[in-house]
Number of protein chains: 2
Amino acid sequence: MDPVRPYTEVLDRLKSAGLRPTRQRLALAKLLADSGDRHITAEQLHDEAQRAGVRVSLATVYNTLHQFTAAGLLREVVVEAGRSYFDTNTSNHHHFFHQDRGELVDIPAGAVTVSELPVAPEGSAIESVHVVVRIRDDAN
Amino acid sequence: MDPVRPYTEVLDRLKSAGLRPTRQRLALAKLLADSGDRHITAEQLHDEAQRAGVRVSLATVYNTLHQFTAAGLLREVVVEAGRSYFDTNTSNHHHFFHQDRGELVDIPAGAVTVSELPVAPEGSAIESVHVVVRIRDDAN
DNA sequence: TTTTTTCTTTAGAATTGTTCTAATCTATTG
DNA sequence: CAATAGATTAGAACAATTCTAAAGAAAAAA
């Protein structure tokens, strides 16, 4: 019985990105897709894969995260020196960064507005606008 | 400015930050102050110091940059994984990040406006709002 | 199918930026 | 000046990431 074909969508996305649907890529894509919007590091994803019984090396996790990012399936977010987060929400949005916990949180769409865009310097074009709101545990 | 006593201002700032005015700190502070608004990495500052004939270790450059940041004389900016920039302009402003050159450029005050601030999550308080506009060399 | 080609994965080494360590040195205090 | 608290240093250690080159798997050709 095969009422659900959970890999179909992921398979199509890999195919159109020109990536072979290997066991590792499919498993990682599934882990990412099934977990909803989140911000994950390479190490975290590697651990999750291990726990889920998926045998995959850390190097492959890094490769795959970058390939998925290049293919538009993920978005890389850098807010801390020496650590990259990969956001499963690729839509244009902004982030809170909780400095005490090292945690990223999406800013709800519409909760922040950049009302005036700067003009890019001569010879360059704007690629993205990202607002990072750094927060701390309240004093209370 | 008083060309006769070029270290006076820097000396006062160190003193009020509770930092001893050592040869290294004075020299680094002077290098930073004399060069106008800029975005510098620890390695870059270390190189500049060497070239200026200031003998200082890389470890001290890191220590000093962090101490100056804690004292409000510098602002740390993170836009790239694995590299910290220190901004000599501590006023509240935003940045272009030129992705092809790995270069930070201040966005002129008033050229970008965040018109609606998000509400910080329960139990946390906003510490800073930073807009990063990523740019690329134009296709033309 | 089987073979061949191309792409992928892997373990471990290498690299990079940064922080730590503990010995030495220097500014300040008494 | 001596005592002490703080600062500097070289080099080791570290963490995140990338590289390497050998072995493995998927796709294309025969």
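The values are calculated or read from the model by the stated rules, or taken from the named source; none is laboratory data. As the structure is a computational prediction, the values presented were derived from the model and not from experiment. Positions of Cβ are generated from backbone atoms using ideal geometry, with glycine treated the same way; all protein chains shown enter the neighbour counts. Heavy atoms of the whole protein, side chains included, go into the accessibility calculation; ligands, DNA and RNA do not. Shrake-Rupley method; radii C 1.70, N 1.55, O 1.52, S 1.80 Å.
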Inset, instruction - Only bridges with both residues in chain A count here: give the DSSP antiparallel percent, nearest 5. - result: 75 percent
Legend entry - Carbon/sulfur fraction of accessible area - the protein assembly as shown, other protein chains in place, 1.4 Å, %: 48 percent
Inset, instruction - Express in Å², to the nearest 10, the accessible area of A:Lys15 obtained by rolling a 1.4 Å probe over the protein heavy atoms while all chains stay in place. - result: 140 Å²
Inset, instruction - Restricting things to alpha carbons, find the Rg to Rh ratio for the range B:92-140 using the Kirkwood radius for Rh. - result: 1.10
Inset, instruction - Rounded to whole Å and ordered largest first, report the semi-axes of the equivalent ellipsoid of the range A:17-135 derived from its Cα gyration tensor (root of 5λ). - result: 28, 18, 13
Inset, instruction - Give, as a single signed number, the net charge of other residues whose beta carbon lies under 13 Å from the beta carbon of A:Thr88, with Lys and Arg counted +1 and Asp and Glu -1. - result: -2
Legend entry - Residue-count net charge about A:Leu14 - beta-carbon cut-off 9 Å; Lys, Arg +1, Asp, Glu -1: +3
Legend entry - Convex hull per residue volume in Å³, alpha carbons only, for the range A:5-53: 89 Å³
Legend entry - Square roots of 5 times each gyration tensor eigenvalue, C-alpha, the range B:8-86, largest first, Å: 19, 15, 11
Legend entry - Taking only Cα atoms of the protein assembly as shown, radius of gyration then Dmax in Å: 22.5, 88
Inset, instruction - Starting from the Cα of A:Ser128, step 7 Å along the direction of its Cβ; do the same at B:Ala125; then give the gap between the two resulting points in nm. - result: 3.1 nm
Legend entry - Unit charges at the beta carbon, dipole of the range B:8-86: most positive-side option, B:Leu14, B:Gly82, B:Val61: B:Leu14
Inset, instruction - Mind grabbing the interface size between A and B? I mean buried accessible area, both sides, 1.4 Å probe, in Å² to the nearest hundred. - result: 3000 Å²
Legend entry - Area of A:Leu74 that stays accessible when all protein chains are in place (1.4 Å probe, Å², to 10): 10 Å²
Inset, instruction - Could you provide, to the nearest whole Å², the per residue accessible area of the range B:8-86 with probe 1.4 Å? - result: 54 Å²
Inset, instruction - With springs only between Cα atoms under 10 Å apart, run a GNM on chain A and tell me which of A:Ala59, A:Ala81, A:Ala49 wobbles the most. - result: A:Ala81
Inset, instruction - Please sort by residue number the chymotrypsin sites (Phe, Trp or Tyr not before Pro) in the range B:1-98 whose DSSP state is loop and whose Cβ has at most 16 other Cβ atoms within 10 Å. - result: B:Tyr7
Inset, instruction - Go ahead and run the numbers for FRET between B:Leu11 and A:Leu11, Cβ-Cβ distance against an R0 of 51 Å, rounding to 0.05. - result: 0.15
